[in-house]
Every structure is written in structure tokens, then in C-alpha cells.
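This report concerns only the one structure given below.
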Amino acid sequence: MSKQKIHIEDLKEGRFLLTPKGYFEGLEDAIGRRTFLKDKIALEKGLSESPFKVEDQYFNQLQMAIRNRTYERKAARKWRPSAKPVWLGVPALACLLIGLFLLIRSGDTTEPELAQEKDAIREYLLSETSSDELTEHLLAMEETSDSLSTVESETIPLKGVPDNYIEEELLEDLSE
Amino acid sequence: MDDKEILQLFAKTESRNLAFNHLVTKYQQKVYWLVRRMVIDHDDANDLTQEVFVRIWRSLGNFRSEAGLYTWIYRIASNECLQFLNKKRKRFFLPLHDVEAELTNKLESGPLIDVDELQMKFQKAILTLPEKQRMIFQLKYYEELKYEDISEITGTSVGALKASYHHAVKKLEVLINE
């Protein structure tokens with residue numbers, strides 16, 4: 001019985017990988033077994049065929065995808081006219097937006113903060129000071145303002161200078 | 001077009017794209033099927049095949065022509081596969097048998113897989129092999145490469161490869177006949 005027949009018999013009995021002892025020893029036999037597996041089992045059982053499938057057009061799509069990821073994409077980048085200005089514009093736009101944000105933020109915060117401070121002082125005065133004390137305080141403030149207005153309205157004499165100094169000077173100039 | 005011609009074309013700037021196009025046409029199916037048998041899932045294989053060719057595009061200018069182009073391409077492809085499986089294991093803190101279980105699950109339920117009972121048994125048995133041994137088995141059994149070429153691809157000595165392939169086949173025999 002030839003080796004091949006033995007193998008086919010093994011195949012039929014499901015012992016497709018069990019072969020006579022010694023047959024697979026050595027490199028040549030290993031190659032022989034692989035050939036056997038591929039030639040014979042492929043015929044009988046389809047074992048050496050890949051069980052994995054792909055769609056019919058897959059390898060065309062794969063080739064396009066590889067092209068897009070390698071030289072075609074780089075070539076497209078090279079001559080695209082709008083590429084440079086777009087990249088320069090991005091940081092400029094970012095700076096502009098940050099500036100606007102800071103400007104709006106500073107405008108918004110100043111006035112409410114001042115108003116809050118005024119309210120806080122008013123509340124503090126009302127809470128910490130009794131009505132009598134407040135009245136006294138207000139009267140004192142009025143007195144102070146009166147005295148200040150008095151000071152402003154009075155002329156303060158300068159030492160060693162006559163009151164009508166300016167008038168005399170003017171008269172002399174006119175007479176000349 | 002043979003590999004030498006592809007390399008000569010690639011060396012010239014004006015014909016570089018044409019050369020790469022020829023290279024992709026020539027090797028895309030080989031790379032895809034090698035990767036697919038290792039990672040089982042079509043989408044993963046698609047991503048990895050693209051990665052392999054992007055790497056080839058970037059590095060082909062530095063390729064030393066003493067080594068065969070196809071062994072160099074297979075080395076990139078096998079490294080990508082092994083790195084992918086390693087990352088998968090590290091990312092999810094999976095032990096080896098869990099990755100094997102995931103791949104088996106994809107084999108059983110994934111689309112674009114056509115397996116009968118015997119083929120399923122055979123593929124499951126292949127998945128039980130350690131990753132590097134599985135790669136060696138694929139390169140020998142399906143790709144029919146010489147041990148010398150597999151040695152260049154995997155960086156393993158010819159003797160170790162023969163032993164690895166022999167053990168792989170023995171293991172598969174046992175598993176299929178269980």
C-alpha cells in the first residue's frame with residue numbers, strides 16, 4: 001500500500017493527521033506532510049484553504065486606502081493653496097478670541113464689584129450704628145461740610161501784601 | 001514586476017509613487033492574509049495591513065537591498081501582528097488564554113468566516129499555539145516559506161524554527177484527533 005493511499009484511508013476515517021510513524025521525520029517529510037495536507041486534505045476536507053473571506057472588491061478598496069494614507073495625501077497637501085493661510089489664521093483667531101474674552105470679562109466685573117462694596121458699607125453702617133449715633137454722625141458730617149464751605153468762601157489774607165495790591169497795580173498800568 | 005525593479009523605481013523621486021503602487025499590488029493580499037490569520041477579525045486585519053504599508057512607505061528609502069524585500073515586508077507584518085496582540089493583552093490585563101478565547105469567539109461568530117466543523121477544529125487548534133509559534137506555523141504551512149526566510153523574518157535560528165514547527169504540528173495532531 002502506498003503512502004498516499006494510507007493517508008487517504010486515514011482521511012476517510014477521520015485520522016487525517018495520524019500517519020505511519022516515521023513518515024514525518026525530517027525536513028523532507030515535514031514538507032511532504034504539508035504538501036499532503038494541502039493537496040489531499042484540501043481535496044477531501046478543504047483544510048488548507050483559508051476559512052476567512054473578504055468582499056469581492058475589498059483589495060481595490062484596500063489599495064485606495066493605502067494610497068490615501070501615503071503618497072496621494074502628501075501630494076494633495078503640497079499644492080493646496082489655502083493650506084498656509086488657514087494655518088496662519090488659526091493662532092491669530094485664537095488671540096483675537098482670548099483678547100475679546102478678557103475685555104468682556106474686565107468690563108463685566110468692575111461695576112458689580114463697586115456696587116457690591118457700596119452696598120456692603122451701607123449695610124455695615126446701618127447694622128453697626130444705632131439711629132441716634134447715625135444721626136449724630138450725619139450732623140457731624142454736615143457741620144464738617146459747612147465749615148469747609150465757609151473756608152472756601154473766605155479769602156485768606158497773605159502776609160505782607162496789601163489787600164488792594166492787584167487793584168493798585170492795575171491802576172498804575174492803566175495810567176501809564 | 002520583480003522586487004529589484006520596484007526598488008530601482010522607488011529610488012527615483014519621479015517614479016516613487018508608481019513603484020509603491022506596484023509593491024502594494026504585489027504584496028497586499030499576502031500581507032492581509034498573514035495578518036488576518038493571526039488576528040482573525042477582518043477590521044483589525046484591515047487596519048493592521050494599512051499600518052504595515054504606511055510603515056513600508058516611510059522606511060523603504062532606508063531599506064538595505066541585501067535582505068530580500070519580501071522577507072522585510074513579512075518581518076514588518078509579523079511584528080505588527082505580534083505587537084497588536086501584545087497591546088491587546090496589556091491594555092485589558094488579559095492572560096494569554098483570554099486573548100486566545102477572544103480570537104476563538106471571533107472565529108465562531110465573526111462575519112466573513114466560512115468554516116465547517118473540521119476547519120473550525122483545525123483553526124481553534126492553531127489558536128492554542130503561542131503567538132510566535134503560531135506565526136511560524138502560518139509562515140511555513142500557509143505561506144510555504146523556507147526556514148531560512150522565516151529565520152530572517154522572525155530573527156530565530158533555523159534549528160529553533162524546525163523544532164518549533166515540529167512541536168506545533170504535533171500539538172495540532174493531538175488536538176484535532178481528540
Starting from the Cα of A:L88, step 7 Å along the direction of its Cβ; do the same at A:R105; then give the gap between the two resulting points in nm.
2.9
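Loop only by DSSP, 15 or fewer other Cβ within 10 Å of the Cβ. Give me the GluC sites (Glu not before Pro) in region B:27-89 that pass, ordered by residue number.
Answer in residue order: B:E66.
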Add -39500 (n - 2.57) for each DSSP H run of 4 or more in chain B, then divide by its residues: what number comes out at 222 nm, to the nearest 500 deg cm²/dmol?
-24500 deg cm²/dmol
Within a Cβ distance under 14 Å of A:Q61, other residues only, what is the Lys/Arg minus Asp/Glu net charge?
-2
With labels modelled as points extended 7 Å from the Cα through the Cβ direction, what inter-label distance (nm, one decimal) is found for B:V158 paired with A:N60?
4.4
Take the alpha carbon atoms of region B:50-113, find their center, do the same for region B:118-172, and report the distance between the two centers in whole angstrom.
15
Out of residues 5 or more away from B:D41 or on other chains, whose amide H comes under 5 Å of its own, with H placed 1.01 Å from N in the peptide plane?
none
Is the shape of chain B best called rounded, prolate or oblate, per the rule: a/c under 1.5 gives rounded, else a/b larger than b/c gives prolate, else oblate, with a ≥ b ≥ c the square roots of the Cα gyration tensor eigenvalues?
prolate
Cβ-based charge dipole, region B:4-145, positive-most Cα from B:A19, B:Y32, B:T49
B:A19
Obtain the nm distance between the two label points defined at B:D114 and B:R89 by a simple spin-label model: each point lies 7 Å from its Cα along the Cα-to-C-beta direction.
3.3
Area accessible to solvent at B:K170, 1.4 Å probe radius, in Å²:
90
When the accessible area of region B:37-115 is split by element with a 1.4 Å probe, what percent falls to carbon and sulfur?
46
Mean projected area, convex hull of alpha-carbon positions in region B:22-61, reported to one decimal in nm², is 2.6
Near the amide H of B:I113, under 5 Å away, which other amide H atoms are found, from residues 5 or more places off or on another chain, if H is placed in the peptide plane?
A:K53
Dipole magnitude (debye, nearest 20) for region B:48-178, charges at Cβ of Lys, Arg, Asp, Glu:
560
Roughly how much accessible area, to the nearest 100 Å², goes out of reach of solvent when B and A pair up, both sides summed, probe 1.4 Å?
3700
Net charge near B:V52: determine it from the other residues with C-beta under 13 Å of the C-beta of B:V52, scoring Lys and Arg +1 and Asp and Glu -1.
+2
Output wanted: per-residue J couplings in Hz (rounded whole) for region A:61-71, from phi through Karplus 6.51 cos²θ - 1.76 cosθ + 1.60, θ = phi - 60°, x for Gly and Pro.
5, 4, 4, 5, 4, 5, 4, 4, 7, 10, 6
Leaving out ligands and nucleic acids, and using a 1.4 Å probe, what accessible area per residue does chain B come to in Å²?
48
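The values are calculated or read from the model by the stated rules, or taken from the named source; none is laboratory data. Values in this document were obtained by computation on a predicted structure and should not be read as measured data. Positions of Cβ are generated from backbone atoms using ideal geometry, with glycine treated the same way; all protein chains shown enter the neighbour counts. Ligands, DNA and RNA are stripped out before the accessible areas are found, and what is left, the full protein with its side chains, is counted by its heavy atoms. Shrake-Rupley method; radii C 1.70, N 1.55, O 1.52, S 1.80 Å.
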